[in-house]
Amino acid sequence: MNPLDRKSFIRTLGMMGAGTMLTGNTAKGMASTNEQIRPTAKTDPPGNSSSKRVLRVAHLTDIHVKADKISEYGMAAALHTVNNMEDKPDLIINGGDAVMDAGLLNKSVMKEQWSAFHRILKNENSLPVYHCIGNHDVFGWMLPSPNHTESKQWAKDEYLLTSSYYSFTVNGWKMIVLDSIHGRKSVPGYFGKLDDEQMVWLKNELKNTAPDTHICIVSHIPVLAICCLFDNDITSTGRLKISENNMHYDSNELVQMFYANQNVKACLSGHIHLIDYVNYLGTEYFCNGAVAGDWWKGRHQQFDPALCMMNFFEDGTVTREVNYYKWQG
């Protein structure tokens, strides 16, 4: 496909408009229909009225772009929506799975997908971007592997990362970006977990963070999410089951670690393509859907393609706005 004509794209998108649903810390996931997509003037509930918002982040996860008209247009539409907001974010966090399927054993197809991602990001975005590695970013992730070292290096190279996990601090908030993709010698060749080296690194990051610095954890696979129960993962006996491919296998250790460290205020994730919110032991866990929705086929279960805006406040409060953007031409 030829590169998108930026001017014609912007002109077309401007005529279409974008529907936005703003939500806050609500214990329910948000189902969406076209009738429910309506603009509103505030996030509900707001942060502490006496607290100042110090950081606004666009969390775009599970873009799943490939070299085709639908996904390329959808990714461009999402970036255009973010970059043209009246209340513009300070930065973007890509939550992983930028490309459609690195599990395919075809390097030329994989290169086309990465090329599409970089081209659209360059053409349609002017904001700083921080990347988190997802399973679809790791070439051959479906195959058994103890660590996917070589394939992760490819993903790191595409994202210009020296490490698959890292941290950065902005306006009193430390963002800790984790690498959820842990290799294993069975199919599929990954599950959600931190390796020993990363776990030690994370403990040191938490320990060495100043008491007045708030922390937000970013992972591709959720550390904790109720929507994992509804991702068609029900056994033949009818019992609900959460797969270690859908939620961190070491979630209990991580949850207790975050509880022990009062700096950790929020965790952001994607992977499931569903949207939920859990407040557990004082830490807020946001699973933020998918820019691609049902892999560019529309709604995934009850959730349309979406992007989330995260608002971070001086007092450690976090609120979320879910934007069901106009993803089709």
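S115 passes all but one of (1) under 19 Å from the mean Cα position of the chain (by Cα); (2) modelled with pLDDT of 95 or more; which number fails? If we test S115 against (1) under 19 Å from the mean Cα position of the chain (by Cα); (2) modelled with pLDDT of 95 or more, just (1) comes out false. When you look at Q302, is it within 30 Å of A67 (Cβ to Cβ), out of contact with any helix residue (DSSP H, G or I) (no Cβ under 8 Å at 6 or more places or on another chain) and surrounded by fewer than 21 Cβ atoms within 10 Å (Cβ to Cβ), yes or no? Against the criterion (within 30 Å of A67 (Cβ to Cβ), out of contact with any helix residue (DSSP H, G or I) (no Cβ under 8 Å at 6 or more places or on another chain) and surrounded by fewer than 21 Cβ atoms within 10 Å (Cβ to Cβ)), Q302 qualifies.
Rundown of residues vs (1) over 30 Å from K69 (Cα atoms); (2) free of Cβ contacts under 8 Å to residues at least 24 places away in the same chain; (3) crowded, with 19+ Cβ neighbours inside 10 Å; (4) not small (G, A, S), yes/no style:
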residue	(1), (2), (3), (4)
C228	yes, no, yes, yes
L240	yes, yes, no, yes
M247	yes, no, yes, yes
N252	yes, yes, no, yes
N261	yes, no, no, yes
C267	yes, no, yes, yes
H273	no, no, yes, yes
A292	no, no, yes, no
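Would you confirm whether or not the range 112-125 contains a residue that is in contact with a Phe, Trp or Tyr (Cβ under 8 Å, 6 or more places away or on another chain), touching a residue at least 12 places away in the same chain (Cβ under 8 Å) and aliphatic (A, V, I, L, M)? Checked against the condition, which is being in contact with a Phe, Trp or Tyr (Cβ under 8 Å, 6 or more places away or on another chain), touching a residue at least 12 places away in the same chain (Cβ under 8 Å) and aliphatic (A, V, I, L, M), the range 112-125 yields no hits at all.
From the list V129, V109, the lone residue that is β-branched (V, I, T) and at pLDDT below 95 is V109.
Let's see how each residue does on (1) at pLDDT below 95; (2) touching a Gly at 6+ places or on another chain (Cβ under 6 Å):
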site: I120; (1), (2): no, no
site: N135; (1), (2): yes, no
site: G140; (1), (2): yes, no
site: P144; (1), (2): yes, yes
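Taking (1) in contact with a Gly (Cβ under 8 Å, 6 or more places away or on another chain); (2) over 23 Å from M257 (Cβ atoms) in turn, R239 satisfies each apart from (1). Listed by position, the strands (runs of 3 or more DSSP E) contained in the range 155-225 that have at least 1 residues being at pLDDT 95 or above are 166-170, 173-177, 214-218. Looking across M85, M15, M30, M1, one residue alone is farther than 20 Å from P305 by Cα and either part of a loop (DSSP other than H, G, I, E, B) or modelled with pLDDT under 90 (or both). It is M1.
Count of the range 121-136 residues, restricted to those that are buried (at least 23 other Cβ atoms within 10 Å of the Cβ) and either β-branched (V, I, T) or part of a helix (DSSP H, G or I) (or both), is 3. Taken together, D62, D101 contain a single residue that is surrounded by 14 or more Cβ atoms within 10 Å (Cβ to Cβ), at pLDDT 95 or above, part of a loop (DSSP other than H, G, I, E, B) and not β-branched (V, I, T), which is D62.
For T283, the conditions (1) crowded, with 19+ Cβ neighbours inside 10 Å; (2) under 15 Å from C227 (Cα atoms) are fulfilled apart from (2). Applying the criterion of being within 22 Å of the chain's Cα centre (by Cα) and farther than 18 Å from G134 by Cβ to the residues of the range 179-215, the residue that is surrounded by the most Cβ atoms within 10 Å (Cβ to Cβ) is H214.
The values are calculated or read from the model by the stated rules, or taken from the named source; none is laboratory data. Since we're looking at a predicted model, the values are computed, not measured. Here Cβ is always computed from backbone atoms with ideal geometry, including for glycine, and neighbour counts include all displayed protein chains.
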